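As structure tokens, the structure follows; a few thoughts come after it.
Throughout, read-outs are computed from the coordinates displayed, never taken from laboratory work. Bear in mind the structure is a predicted one, so any value in this text is a computation, not a measurement. Heads up, the Cβs are rebuilt from the backbone with ideal geometry, glycines too, and the neighbour counts pull from every protein chain shown.
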């Protein structure tokens with residue numbers, strides 16, 4: 001007995017099967033410096049000129065039992081119209097792990113609307129979200145409480161259908177005051193191996209639900225992604241081209257300043273990323289809002305360039321330049337942003 005206690009004190013407890021139920025804990029934080037002609041000098045606004053903590057995330061992920069897995073992700077970010085920071089549950093959900101071809105999820109999570117909406121801030125391809133996502137879905141994107149079912153289709157390529165039912169709390173898109181109202185979403189994802197080095201992904205999605213005026217708001221989306229990484233030399237060279245389109249119909253949406261209708265709005269963002277060395281890449285993005293003309297929604301186009309240096313998968317540094325032309329307002333804005341991106345702990349892999 002004494003020898004057993006001495007062994008435990010010196011070497012710790014032996015590995016047990018139950019250890020896989022202990023949560024993996026990780027943290028990520030984003031530091032930002034921004035200077036732009038169209039960015040506010042008011043520290044209570046986000047973003048604002050100068051230094052800021054863009055966001056911090058604390059995540060816990062673990063198997064609950066042989067049938068369920070749970071994830072808790074808490075976001076620390078600046079509160080609206082305040083210089084103070086608050087903690088919000090960004091994602092808190094459980095999902096099945098043992099059902100064949102089907103994954104069922106319940107809780108609060110990012111909805112499967114398009115491709116960008118499902119990303120956390122630290123995984124954004126650029127420092128900021130595309131204009132059309134910000135305009136339609138707001139700063140946090142479409143992130144609701146609900147249930148989801150992912151079904152893997154029995155075909156020769158990767159094909160997945162996602163059906164979701166969720167609450168309608170998004171102020172930018174729904175803002176329904178009736179808690180009994182439920183929205184619906186359908187997403188189709190297809191992934192093809194074109195060659196050993198090249199893949200193509202096509203996504204289609206749509207969502208609808210009652211808004212604050214008891215009318216039906218809806219969004220349709222489509223995305224196309226090509227990823228090239230050679231089997232030989234892929235550590236040093238890779239290329240990604242992605243384009244995403246969103247179209248929203250929000251009956252009764254009125255601009256608070258102009259008092260003009262902003263019911264129908266659409267836009268697209270297309271970006272290219274080229275990795276030219278083991279730890280370096282360059283990116284370019286072109287965006288346009290106003291593909292569908294709507295009274296009260298001026299057209300906007302924005303061009304962004306980014307240089308990224310990532311010493312490892314746990315740290316990254318990026319500098320981004322934006323040139324934005326707000327047509328109809330006679331205004332052109334330029335912005336430069338510097339960001340560091342740090343992760344510690346057992347951070348789970350991002351969605352492909």
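Conditions (1) touching a residue at least 12 places away in the same chain (Cβ under 8 Å); (2) within 21 Å of the chain's Cα centre (by Cα); (3) loosely packed, with under 15 Cβ neighbours inside 10 Å; (4) farther than 16 Å from residue 134 by Cβ, marked per residue:
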residue: 299; (1), (2), (3), (4): yes, no, no, no
residue: 306; (1), (2), (3), (4): yes, yes, no, yes
residue: 313; (1), (2), (3), (4): yes, yes, yes, yes
residue: 319; (1), (2), (3), (4): yes, yes, no, yes
residue: 324; (1), (2), (3), (4): yes, no, no, no
residue: 334; (1), (2), (3), (4): yes, no, yes, yes
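Condition check ((1) over 18 Å from the mean Cα position of the chain (by Cα); (2) in contact (Cβ under 8 Å) with a residue 12 or more places away in the chain; (3) under 26 Å from residue 290 (Cβ atoms)) across all residues:
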residue: 83; (1), (2), (3): yes, yes, no
residue: 100; (1), (2), (3): yes, no, no
residue: 109; (1), (2), (3): no, yes, no
residue: 133; (1), (2), (3): no, yes, yes
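The listed residues are 32, 74, and the only one of them that is buried (at least 17 other Cβ atoms within 10 Å of the Cβ) and either touching a strand residue (DSSP E or B) at 6+ places or on another chain (Cβ under 7 Å) or under 29 Å from residue 300 (Cα atoms) (or both) turns out to be 32.
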